[in-house]
Amino acid sequence: MSYFKNKTIQHYLDTAKAVIFDMNGLLINDEKLQLESVIYTLKKSGLKIKLSKKDWITKYVGRTDDYLFNDLFYKYNLQPETDVIKKLIAHNHKFFFKLVTKNIKKITRKGIIDFIEYLSKNKYKIALATSAGPEEVEIVLGTKGLNIKKYFKYTIDRTTVKHPKPNPEIYTKTIKKLHCRPEEILIFEDTALGIESGKKAGAIAIAIPTEFTKKQNFNQANLVVNNLTKNAKEL
């Protein structure tokens, strides 16, 4: 039984045995909250560092917090001391988690839960490959969040890999756990970095851009669509 009315998306789904999802920006539309949290953290730190929406979109969406804060320190000719960076990241996580918890229902991507439930009912293997940490995964997928963790056979987060996206390590590890050939894996990502990571691992990659990633170069994606509803359209 077909799920998507779009024949191209359905074709990729028909050839897949497993599906891997990114989390931030893909399951939840949280980039606006990420930006709000970083700006708040920088303001509270007393550091004279500014972060514009333009810089966030062009330089940092899809990157790790470690990359973000280190790059900002270099930009402002500040010494990126390890302890200072760690404290900023911890503060940022604490505030961001509060924002996500408060707004989780509002920021859930349209059609995503219905699609995951469909995959589960039709015996697809489902996994998560995210640059977030385990606490954030629990906040989003757990019972106090979207309550969908039960559908995921594996959740691979940043604590289990050495190299962040676009390095393929996270997808290579996830694919190995799923015991499928890479070409039998369908991945969904919202950033060009994530698509590059999945493609390097040999998987079929579908991009679902957000307001913050829609201008990124998705040439490596097998397909770019507007959402994961049954009436999803190609972009």
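What follows draws every value from the coordinates through simple rules; no lab data is involved. Note that this is a predicted model, so its numbers are computed, not measured. For neighbour counting, all protein chains shown are included, and Cβ atoms are generated from backbone atoms with ideal geometry for every residue, glycine included.
Annotation: the antiparallel percentage among DSSP beta bridges lying fully within region 1-156 is about 10. Relative contact order of the chain, taken over Cα pairs closer than 8 Å and 6 or more residues apart, is 26 percent. Computed extension gain for SER2 through LYS59, at 0.36 nm per residue and net of the alpha carbon distance, reaches 16.7 nm. A Förster distance of 30 Å, applied to the separation of the beta-carbon atoms of LYS32 and ASN77, puts the FRET efficiency at 0.55. Looking at the square roots a ≥ b ≥ c of the eigenvalues of the Cα gyration tensor of the chain, which shape do they give, rounded for a/c under 1.5, prolate if a/b is larger than b/c, or oblate? Cα axes put the chain in the prolate bin. Taking Cβ atoms as reference points and 10 Å as the exclusive limit, the residues near GLU184 contribute a net charge of +2, counting Lys and Arg as +1 and Asp and Glu as -1.
Work out which GluC sites (Glu not before Pro) in the chain are exposed loop sites (DSSP not H, G, I, E or B, at most 12 other Cβ within 10 Å) and give the longest gap free of them. It runs 82-210. Relative to the Cα centre, the charge distribution of the chain, modelled as +1 at Lys and Arg Cβ and -1 at Asp and Glu Cβ, gives a dipole magnitude of about 400 debye.
Screening the chain for whole DSSP H helices with an alpha carbon extent of at least 18 angstrom along the helix axis and a mean Kyte-Doolittle hydropathy of at least -1.0 yields 31-45, 82-107. Secondary-structure-derived ellipticity at 222 nm for the chain, considering helices only, amounts to -13000 deg cm²/dmol, per-run term -39500 (n - 2.57) for DSSP H runs with n ≥ 4. Once you order the gyration tensor axes a ≥ b ≥ c over the Cα atoms, which shape class does region 79-165 get: rounded for a/c under 1.5, otherwise prolate or oblate by comparing a/b with b/c? Here region 79-165 falls in the oblate category. Using r as the Cβ-Cβ distance of LYS86 and ASN227, and R0 as 30 Å, what FRET efficiency do you calculate, to the nearest 0.05? Efficiency, rounded to the nearest 0.05: 0.25.
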